[in-house]
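Worksheet: one structure, shown below.
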């Protein structure tokens, strides 16, 4: 889920940056500190926006820089368990496919792809269902549910697991096919038997 979070911090303006526009220097400082960070609380920090630097700073003895309060917004992506997302297949391997959801790749393990025996066609780079003949390859659009999230400690690698083995999940074409099949099937009507004593 994408979020816009308002934050506050203190930045150090070095003497070499004195005289430059305060907002520009503040933006560069905040951007360097936050953009691209993966945090357990914030998630993936994608961009810094709306940076406002207080024109009044503080000087600390022994340091020629000034310290200013700054407020800013962070555009973040925080994947949550059970969230349904759509993404693009960016890589296919014998053990599964990597799906680009937001700014990250999630693993769709072969066991979570479909209710079928799956083989990996290395030449074509596809995962193929034995009975259904359904294929998944790079560039396909899929709808998946997030089943596992491990953002790890700051600087660590994050891992996201997803599944497509639930109704209305999987490759978008498969979902459309399933919807058309279910619309063509006549609804089963139950006959009510009247019971009575004679």
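A short reminder: the numbers here are calculations on the coordinates, not readings from a lab. Given the structure is predicted, the values throughout are model-derived calculations rather than measurements. When we count neighbours, we look across all protein chains shown, and the Cβ atoms used for this are built from the backbone with ideal geometry, even at glycine.
Here are a few things to note about the model shown:
- Calculated mean residue ellipticity at 222 nm for the chain: -4000 deg cm²/dmol, from DSSP H runs with n ≥ 4 weighted as -39500 (n - 2.57), summed, divided by the residue count and rounded to 500.
- Calculated on alpha-carbon atoms, Rg and Dmax of the chain in Å: 26.0, 106
- Distance (nanometres) between label positions extended 7 Å along Cα→Cβ at residue 150 and residue 177: 3.4
- Length-normalised contact order for the chain - Cα pairs under 8 Å, 6+ apart - percent: 18
- Acute angle (nearest 10 degrees) that the helix 22-34 long axis makes with the longest principal axis of the chain, alpha-carbon atoms: 50
- With Cα atoms, 0 to 90° folded angle of helix 172-184 axis to the chain main axis: 40
- The label point for residue 93 and the one for residue 60, both projected 7 Å from the Cα toward the Cβ, are 4.3 nm apart.
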